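A.B. asks: Can you keep this structure in mind? I'll have questions shortly.
The values are calculated or read from the model by the stated rules, or taken from the named source; none is laboratory data. Here the structure is a predicted model, which is why all the values come from computation and not from measurement. We place every Cβ from the backbone using ideal geometry, glycine too, and count neighbours over all the protein chains shown. Only protein heavy atoms, including side chains, enter the accessible area calculation; ligands, DNA and RNA are left aside. Shrake-Rupley method; radii C 1.70, N 1.55, O 1.52, S 1.80 Å.
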Amino acid sequence: NRLTEVRSALGKLIVKVETDPTLNWHSFLDSYALITGEMNSLLRQMRHEKTPILKKYITLPLILSPDRDEELMKLTEHRVPTFSHDLIPNYLRTLREPDIESKYAVMENRANNASQEQQQKQITVIEKVTRETLKVIRREREEMDAKSNSRSEIETTYSNEDTINLLAAINHGKGLKTTVPVTAARQSPVPVAQQMHNIKAPSTIKTNIKAANTAHPYSR
């Protein structure tokens, strides 16, 4: 069943986007290419002459409710919880949205109204830009290939000898110089008694000499 394969491919891509932390652009493109192939196969089968024309069938919503519908959840693999008035126009839409439809119509009118000469000029410009871009890509690729081929060996970013010396210095202290810490000489505090001794008392010699030179009144 083509529809089942398309749903399976879409489910795998959704799971990959939601749960794979290592998802890159190449993996996403591979999944997208798988979905594109399944869609093309489905469209090719739908265009087959034995396939009934779907335009003859009409889909009408019979029951609309804003409440959660468990049966609808089961049918849509828990992607559509309700079948309400707000969601029905998007789910059952067969044409583009009005804004997108008007923009698309404007672009089609511009393309149809352009002359053959203008179209040819635009095509020439696009081809020139494409050729220049391809030249840059090829030149960069050639330079990268030349660098990879000229490189004889993988560039080393470490030295075994330095690693051994570093481990010996960390584990056994090999090669490390011992330095004596230089401390400033501290002056020992002078005792208080010595400080008091160093203080000179006021001299009384002059007074004593003066007293000795004075004559005694009864010396005669």
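A.B. asks: To the nearest 20 Debye, how big is the dipole of segment 32-168 about its Cα centre, given +1 on the beta carbon of each Lys and Arg and -1 on that of each Asp and Glu?
C.D. replies: 960
A.B. asks: With N set to the residue count of segment 1-106, report its C-alpha Rg divided by 2.2 N^0.38 Å to two decimal places.
C.D. replies: Cα-based Rg divided by the globular estimate yields 1.33.
A.B. asks: Based solely on C-alpha atoms, express the radius of gyration and the Dmax of segment 71-168 in angstrom.
C.D. replies: So, for segment 71-168, Rg and Dmax equal 30.1, 82 Å respectively.
A.B. asks: Follow-up question, since we're still on this one. In Å², and per residue, what accessible area does segment 1-74 have when probed at 1.4 Å with the other protein chains present?
C.D. replies: 88
A.B. asks: When every alpha-carbon pair in segment 62-114 is counted, what percent end up more than 14 Å apart?
C.D. replies: 65
A.B. asks: Check each of the chymotrypsin sites (Phe, Trp or Tyr not before Pro) in segment 81-169 and keep only those in coil by DSSP with at most 10 other C-beta atoms within 10 angstrom; list them in order. Please report the intermediate quantities before stating the final value.
C.D. replies: Details: sites: F83, Y91, Y104, Y158; in loops: Y158.
Answer in residue order: Y158.
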